[in-house]
Amino acid sequence: MKRGKPAFIVKQGSTQVVAYKSIRKTGSVQFCLCYRKHAGASRSRETQTGERAARARALEIAIALANGRAEVLELTAADRDSYLAAKSLLPAGVLLHEAIEQWVSHRETMGAHRTVPDSKKILRELLVDLEDHQRSERHRAGLKRDLSRFVDEFPRLEIAREEMIASYIREILARAGPRRRDNVRDSIVQLFRFARRRGYLPEERKSEAEKIGKIKPGHDVLTWDVQEAALLLENISPRWLPWLVLGLFAGLRISEILRLDWSAVKFEQRVIAVSRSVARKIRISRLVPIQDNLAQWIAPFEREIGTIYPGNFKRNENEKGAEMNRPRLLLNLARRDNANRHSFGTYRLSVVKSCDQVALEMGNSPRKVREDYNDPKPESAGIAYFALRPAVEKTDIVPIAL
């Protein structure tokens, strides 16, 4: 391999590992890692494919050299992984050979040794556990999508280190936005926490994934103004009118509306009973008051029975999106995700002036309401918003005074 300018240098104390980059005819990127095991020793070399793997291995070598463990570098890859995993499990000050001696001497009383399964098996166990706890298929599919590549690249959770996971997540941030990066990070943390609950990772210690902080990008909560909401109400199709008004004037989540049954709408009591099976995001039941204008919008449906939107959840969700695009494009309105629910939260807070009350009605925390819906809209705008009612049918009959 022809040397040039180093691609990167990893240092630990007085030791360093220098990496030189080359591109093979096949197009793969390789790195030659060069280091000396001790002063005066000839230069040792290793080749790694891919920058992330090269950086992780360079850091491992540098740490081993800095700690005077050059002999670790002579181990096979499998032996080295086993050694480092064993070291990571030991409390401070306990030597590995001492721990092994104690384990051997107490083997009979310790019982059978539990082998840590590979990451793919742990992920399968997690998905089964979520299904047993009746988490939605959509949630499980999203988690599987987030973690499938991760478990391919990190087959052993017990030896995955913070720097390696951070590098993996950094690549996601380069391809997608900070919100996506945080979502994947949360999925990885969920996998590590599940492994810890199953006894595959130490319970008393923070996992490597949890050491990586979230970016928590700020975002503006987008709402409809009163005129825009009125235009949407005038142009929505009859099939999707219940979905629109339940979002605008009750603040229900899209997923909640698509699962809601008409029996949950208590017309006489003027409340909507959102059960925990419908509110799957928070798993907490709540009663949502039916505002005066909402009562008028849903009055024609008082004798309806069954699910408001029967059929396949995903298909209904897709059809809802297509229907929402039609009036939005017709009226030249920008796309505003969750604007129906956000509008309810913002205008409702401007009227009742209570984060606790709005949080209770929306199934949120008061802190979330303060962060997302504390938009300085005047009370008059809130009153006008909740005054939006169905148009009164006109008649050509003129009363004649007798």
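The values are calculated or read from the model by the stated rules, or taken from the named source; none is laboratory data. Keep in mind the model is a prediction, meaning the values are calculated, not measured. Here the Cβ is made from the backbone with ideal geometry for all residues, glycine too, and neighbour counts use every protein chain on show.
Within the option set LEU258, LEU246, LEU231, being surrounded by 15 or more Cβ atoms within 10 Å (Cβ to Cβ) and either more than 20 Å from GLU361 (Cα to Cα) or assigned by TED's automatic domain parsing to the domain that holds SER136 (or both) holds for one residue only, LEU231. Considering the stretch 289-324, the residues that are under 23 Å from ARG135 (Cβ atoms) and touching a strand residue (DSSP E or B) at 6+ places or on another chain (Cβ under 8 Å) include one that is surrounded by the most Cβ atoms within 10 Å (Cβ to Cβ), namely ILE308. Residues in the stretch 140-160 that are out of contact with any helix residue (DSSP H, G or I) (no Cβ under 7 Å at 6 or more places or on another chain) and modelled with pLDDT under 85: ALA160 alone. Just to be sure, is GLU268 within 24 Å of ALA359 (Cα to Cα), more than 26 Å from the chain's Cα centre (by Cα), loosely packed, with under 15 Cβ neighbours inside 10 Å and at pLDDT below 95? So GLU268 passes the test. The set of residues from the stretch 329-353 being touching a residue at least 24 places away in the same chain (Cβ under 8 Å), surrounded by fewer than 20 Cβ atoms within 10 Å (Cβ to Cβ) and part of a helix (DSSP H, G or I) comprises LEU330, VAL351. If you filter the stretch 161-175 down to residues that are among the aliphatic types (A, V, I, L, M) and farther than 14 Å from GLU210 by Cβ, you find that the one that is modelled with the lowest pLDDT is LEU173. Of the candidates GLN134, GLN102, the single residue that is outside any helix (DSSP H, G or I), modelled with pLDDT under 80 and polar (S, T, N, Q) is GLN134. Only one of the numbered conditions (1) surrounded by fewer than 16 Cβ atoms within 10 Å (Cβ to Cβ); (2) within 16 Å of the chain's Cα centre (by Cα) is violated by LEU147, and that is (1). The condition of being of a type outside the set (A, V, I, L, M) and touching a strand residue (DSSP E or B) at 6+ places or on another chain (Cβ under 8 Å) holds for only one of GLU268, GLU256, that being GLU256. Can LEU248 be described as part of a strand (DSSP E or B) and within 28 Å of ALA381 (Cβ to Cβ)? So LEU248 fails the test. The combined condition, being of a type in the set (Gly, Ala, Ser), over 26 Å from GLU51 (Cα atoms), touching a helix residue (DSSP H, G or I) at 6+ places or on another chain (Cβ under 8 Å) and assigned to a helix (DSSP H, G or I), is not fulfilled by ALA230.
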